[in-house]
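Visitor: Take this structure first; my questions come after.
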Amino acid sequence: MTTVSSTTPSTASATSTSTSTSVTTTASTAAAATINFNSFLQLMIAEMKNQDPTNPTDPSQYLAQISQMSSVQQGILTNTKLDSMLTQSSLTQAESAIGKVATSSDGTITGTVTSAALATDGTVTATLSTGKTLTLDNTVTIGTKSTSS
C-alpha cells in the first residue's frame with residue numbers, strides 16, 4: 001500500500017515508490033509473458049520433431065499459432081501498461097485531495113483530507129482530520145481547501 005501524506009518529502013517518496021512498483025510489476029508480467037511464449041515455441045519445435053513424416057503439418061498452421069501467441073503477448077503487455085497508468089492517475093488524484101474537504105455521498109462523513117493511501121487493488125482511502133477514513137471514489141465530494149488548520 002502506498003501512502004501519500006500532506007508533507008512534501010513524503011509525497012515525493014510515495015510517488016517514486018509507486019513508479020518503481022509499477023515498473024517492477026510491468027517487468028514481472030513481461031517476463032511471465034516471455035516464459036509462456038518461449039514455452040509455446042519449445043512445444044511447437046517438439047511437435048515439428050515428432051510429426052509424422054508421411055503426413056506433415058501445414059506450415060501455415062504454425063504461422064497462425066505464432067501470430068496468435070504474439071497477439072496474446074502484446075495484449076498482456078498493453079494491459080500491464082494500462083494498469084500502471086491507472087495507478088499513477090489514482091496516486092495523482094489522491095495527492096490533489098490532501099488539504100481539501102471530503103464528504104461522503106450521504107453526508108455522514110466529512111472532514112479535511114490529511115493523508116491518502118493507495119491500496120494494491122487500486123482503491124484510494126483518505127484519512128480525515130476527524131480521524132475517520134473514507135474511500136475516495138466517484139460518490140465522494142471533494143470541496144475547496146479547508147479554512148481551518
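We did not get these values from a lab; they are worked out from the coordinates using the rules stated. Source: prediction; values computed, not measured. Note: ideal-geometry Cβ built from the backbone for every residue, glycine included; neighbour counts use all protein chains shown.
Visitor: Check which residues have an amide H placed less than 5 Å from G111's amide H, if you skip close sequence neighbours.
Guide: When sequence neighbours closer than 5 places are left aside, the close amide H contacts are A102.
Visitor: Follow-up question, since we're still on this one. Determine ³J(HN,Hα), in whole Hz, for all residues of the stretch 99-105 in sequence, where each value follows from phi through the Karplus function 6.51 cos²θ - 1.76 cosθ + 1.60 and θ = phi - 60°; x replaces Gly and Pro.
Guide: The phi angles translate into x, 9, 8, 10, 10, 5, 4 Hz.
Visitor: Follow-up question, since we're still on this one. Can you tell me the FRET efficiency between Y62 and D137 if r is taken as the Cβ-Cβ distance and R0 is 41 Å, rounded to the nearest 0.05? Walk me through the intermediate numbers first.
Guide: Details: r = 48 Å, r/R0 = 1.16.
Efficiency at R0 = 41 Å is approximately 0.30.
Visitor: Starting from the Cα of K49, draw a straight line to each of the aspartates and glutamates and keep only those under 20 Å, dropping any in the same chain fewer than 8 residues away.
Guide: Once the sequence-local aspartates and glutamates are set aside, what remains near K49 is D58.
Visitor: Mind checking which aspartates and glutamates have their Cα closer than 19 Å to the Cα of K100? Skip sequence neighbours fewer than 8 apart in that chain.
Guide: Output for K100: D137.
Visitor: Using the charge dipole of the stretch 47-117 (Lys, Arg: +1 at Cβ; Asp, Glu: -1 at Cβ; taken about the Cα centre), state which of S71, P56, A102 has its Cα farthest towards the positive end.
Guide: Farthest towards the positive pole: A102.
Visitor: I'd like the Karplus ³J(HN,Hα) series for the stretch 65-77: coefficients 6.51, -1.76, 1.60, θ = phi - 60°, whole numbers in Hz, and an x wherever there's a Gly or Pro.
Guide: Coupling constants for the stretch 65-77: 5, 4, 4, 5, 5, 5, 5, 4, 4, 5, x, 5, 5 Hz.
Visitor: May I ask you to derive the FRET efficiency for S71 and D121 from their Cβ-Cβ distance with R0 = 25 Å, giving the value to the nearest 0.05?
Guide: On the way: r = 28 Å, r/R0 = 1.11.
FRET efficiency, S71 to D121: 0.35.
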